[in-house]
Protein chains: 2
Amino acid sequence: MTIRKIAELAGVSVATVSRVINNDPRVLKETKEKVMKVIDETGYVPNEVGRNLSKSKSNMILVVVPTILNPFYSKILKGIEERASEFGYGVLTAVTHLKPETEKKYLDMLRSKQVDGAITLYSTFGKQTMDELAEHYSIVEACEHIRGSNVSYTIIDNESAAYEAVTNFIQRGHKRIGLITGSYYKCSEQARGSGYEKALRDAGISYDERYVQVAEYTYETGAEACEKLLRLEDHPTAILTVSDSVAIGAINKISEFGLSVNDVEVMGFDNTSITKMYMPTISSIAQPRYELGVVAVDLLMEKMSNPDTINKSVILPHEIIYRDSAKKSGN
Amino acid sequence: MTIRKIAELAGVSVATVSRVINNDPRVLKETKEKVMKVIDETGYVPNEVGRNLSKSKSNMILVVVPTILNPFYSKILKGIEERASEFGYGVLTAVTHLKPETEKKYLDMLRSKQVDGAITLYSTFGKQTMDELAEHYSIVEACEHIRGSNVSYTIIDNESAAYEAVTNFIQRGHKRIGLITGSYYKCSEQARGSGYEKALRDAGISYDERYVQVAEYTYETGAEACEKLLRLEDHPTAILTVSDSVAIGAINKISEFGLSVNDVEVMGFDNTSITKMYMPTISSIAQPRYELGVVAVDLLMEKMSNPDTINKSVILPHEIIYRDSAKKSGN
DNA sequence: TTGTAAGCGTTATCAA
DNA sequence: TTGATAACGCTTACAA
């Protein structure tokens, strides 16, 4: 079934059918009904590819996600989808599994006009590649940002978040505070690291590199990293981690050592659903995930409707949720 | 940049450029080099939409997922992607959030020729809608199957899985065995329910409806359901659940009651990563998730290359992983 | 080996 | 209000 067939059956021109499909007001009511009848009877659905080609527009946006193993991304996606749908856009998700070739392949959908814009939740690209792409196409970053790249993005203030969490530890009397971070490749990690260091500095506590360990966002590596910390004779009494999985690994290790979160407090990151399920419940730094998605879409729409708009960065508020694994100062 | 421009710049016809792009062997080496040079210099990327229109083929498949909150889907997606990529297909993921309108919108990409085929990991459609769609387009189900619908699918033997788990409980002396299932809408739930009942029957244990509770695949509802079971004076001493989250809710509730998994054993389902992280570690029924994805793609490729192939159902093996929360008989 | 030109299914311009 | 028809960017007979 093509528009031509419908036109034939309805005894009108393809142009008229096209007008009907697109709700063009300048078509006689009776003509419209005649055409609609044929469309209903035949179950005709316009070929979107032909449409896209003709309009040079797909009404689709692409979301690039590193993995969906991390439930962190779920609510962001929901925000993106609901907002995009308000603008009449569909959302396609591409999982890169952190492979740059895969990311490149999917982002080529921009060049090949299969999508009108893209949001990356975590790009494997370097500044140069990203800039080159963003120069020609509408692209927005959410949650992470390639430092220095010329792209609109929305993110939380990771440095402040870490700063506040560590400061809370300090206010409650902790002097030896550990950090389990990622490999410092991502901007969020770097910012959290800075916040950690700054909080120590501001409190007059000297930075001790033995207290900073690296993990891979999994509970296994989180446990390993924590073990290194606990093996120190003067081990930390509080640990800031960069993900809830890592926090769980740490907590498990702590109890393996015959200790509990009363001896060594642990702060997670992202406030994923596991934090409430676990026993002890896990204190965590929450990002406004749904909002991050919504704002990312807004930034993208702005960019798509006017490619020359200046690039913005929208900082959204975070919140530290205190549960069992780390208490709040003053409580 | 269009193929026409490249042709001009290279001093050849568009047909020749097209041949170069498509690696057609019948093009002189020197001509090819000349064209490639221009392509490289200009950074030209073929417009995939034009290509798709011309070939009536998109080389994309759509995967319909209910939610990505459940990490269960992650490895399946990975299997799908890696296998699809071997066939030269890209994978687009659409999240329905269980809304039929959303699912419909995305599956219309089949009708509008934006994707060549689709795999549903869990469809909200009824038999009729699915059959109507599958009659005209290539579509495959994985993990779940709409009973009676005429579609190829791959799945585990949920009934046997539940049967074996319950039988193991029985062999270890349990007489009062609970089941926390979903709302019996999904085929997997029904099959697991049958397996549960059958195991009891085969062991001469009468079915007690008080021992069967419903939850929504979340730890909160899992906990509620478990509470109902534990409030019975003759409460179960072993519980089969239909997801790991539910199992965690149950385990938490058990310890709230001052009991442990030594008093009331719990079997999870899906063997998601949380099962190893939790303390106690959670016994769980594992599905070959990666393989399910791979097989789904194979079925789809078969269907796409020959729409008249008979519909198959491929049953993949499951495995019960015994950890702390439920022990294996004979150990 | 290369080029010409007709399609693929739409939209949009221009006339009527 | 409608219809012809030229795009949109590409592929692919068919010719040369």
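The values are calculated or read from the model by the stated rules, or taken from the named source; none is laboratory data. Given the structure is predicted, the values throughout are model-derived calculations rather than measurements. Quick reminder, even Gly has a Cβ in these numbers, built from the backbone with ideal geometry, and neighbours come from all protein chains shown.
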Is it the case, given these coordinates, that A:GLU101 is surrounded by fewer than 19 Cβ atoms within 10 Å (Cβ to Cβ), in contact (Cβ under 8 Å) with a residue 60 or more places away in the chain and within 12 Å of another protein chain (Cβ to nearest Cβ)? no
Does at least one position in the stretch A:37-55 carry a residue that is away from DNA strand C (no atom under 16 Å from the Cβ) and farther than 19 Å from B:ASN47 by Cβ? yes
For a quick check of your reading of the model, give me the residue pairs whose first member lies in the stretch B:135-163 and is under 18 Å from B:SER284 (Cβ atoms), whose second is small (Gly, Ala, Ser) and surrounded by fewer than 21 Cβ atoms within 10 Å (Cβ to Cβ), with beta-carbon atoms closer than 6 Å and at least 6 apart or on different chains. B:GLU159/B:SER194
Considering only helices (runs of 4 or more DSSP H) fully contained in the stretch B:232-331, which possess at least 3 residues that are modelled with pLDDT of 95 or more and either crowded, with 16+ Cβ neighbours inside 10 Å or acidic (Asp, Glu) (or both)? B:244-256, B:289-305
Does the stretch B:5-15 contain any residue that is buried (at least 18 other Cβ atoms within 10 Å of the Cβ) and part of a loop (DSSP other than H, G, I, E, B)? yes
Name, by its number, the condition in (1) crowded, with 16+ Cβ neighbours inside 10 Å; (2) over 21 Å from A:ILE156 (Cα atoms) that does not hold for A:GLY204. (1)
Show the residue pairs that are 6+ apart or on different chains and have beta-carbon atoms under 8 Å apart, the first residue being within the stretch B:105-131 and more than 12 Å from chain A (Cβ to nearest Cβ) and without any contact (Cβ under 8 Å) to a residue 40 or more places away in the chain, the second being of a type in the set (A, V, I, L, M, F, W, C) and part of a loop (DSSP other than H, G, I, E, B). B:PHE125/B:ILE146; B:GLY126/B:ILE146; B:LYS127/B:ILE146; B:MET130/B:ILE146; B:MET130/B:VAL151; B:ASP131/B:VAL151
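Among the residues of the stretch B:74-89, how many are more than 7 Å from chain A (Cβ to nearest Cβ) and crowded, with 20+ Cβ neighbours inside 10 Å?
Of the residues in that region, 7 qualify.
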Give me the pairs, please: first residue somewhere in the stretch A:4-15 and within 14 Å of another protein chain (Cβ to nearest Cβ), second residue anywhere and away from DNA strand C (no atom under 12 Å from the Cβ) and of a type in the set (Asp, Glu), beta-carbon distance under 9 Å, and either six or more positions apart or on two chains. none
Which numbered condition B:TYR217 misses (of (1) free of Cβ contacts under 8 Å to residues at least 60 places away in the same chain; (2) crowded, with 16+ Cβ neighbours inside 10 Å; (3) within 14 Å of chain A (Cβ to nearest Cβ)): (1)
Can you name every residue in the stretch B:41-52 that is more than 7 Å from every other protein chain (Cβ to nearest Cβ) and assigned to a helix (DSSP H, G or I)? B:GLU41, B:THR42, B:ARG51
Taking the conditions exactly as written (outside any loop (DSSP other than H, G, I, E, B), more than 30 Å from A:GLN128 (Cβ to Cβ) and either away from DNA strand C (no atom under 12 Å from the Cβ) or of a type outside the set (Phe, Trp, Tyr) (or both)), does A:MET1 satisfy them or not? no
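Look at B:LYS75 and say whether it is within 16 Å of DNA strand D (Cβ to nearest atom) and over 13 Å from A:THR93 (Cα atoms). Break it down into steps so the answer makes sense when it comes.
Numbers: within 16 Å of DNA strand D (Cβ to nearest atom): no; over 13 Å from A:THR93 (Cα atoms): yes.
So B:LYS75 fails the test.
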Scan the stretch A:54-61 and give yes if some residue there is free of Cβ contacts under 8 Å to residues at least 40 places away in the same chain, within 14 Å of another protein chain (Cβ to nearest Cβ), more than 9 Å from DNA strand D (Cβ to nearest atom) and assigned to a helix (DSSP H, G or I), otherwise no. no
Those residues of the stretch B:238-279 which are facing chain A (nearest Cβ under 10 Å), closer than 23 Å to B:LYS175 by Cβ and not small (Gly, Ala, Ser) amount to B:ILE251
Would you tally the residues in the stretch B:20-40 being in a helix (DSSP H, G or I), more than 14 Å from every other protein chain (Cβ to nearest Cβ) and near DNA strand D (Cβ under 10 Å from one of its atoms)? 1
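When you check B:LYS32 against the structure, is it closer than 30 Å to A:ASN59 by Cβ and basic (Lys, Arg), yes or no?
So B:LYS32 does not fit the description; no.
In this structure, does B:LYS228 turn out to be out of contact with any strand residue (DSSP E or B) (no Cβ under 7 Å at 6 or more places or on another chain) and either within 21 Å of B:TYR322 (Cα to Cα) or in a helix (DSSP H, G or I) (or both)?
no
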Restricting the search to the stretch B:76-108, which residues are within 23 Å of B:GLN287 (Cα to Cα) and β-branched (Val, Ile, Thr)? B:ILE76, B:ILE80, B:VAL91, B:THR93, B:VAL95, B:THR96
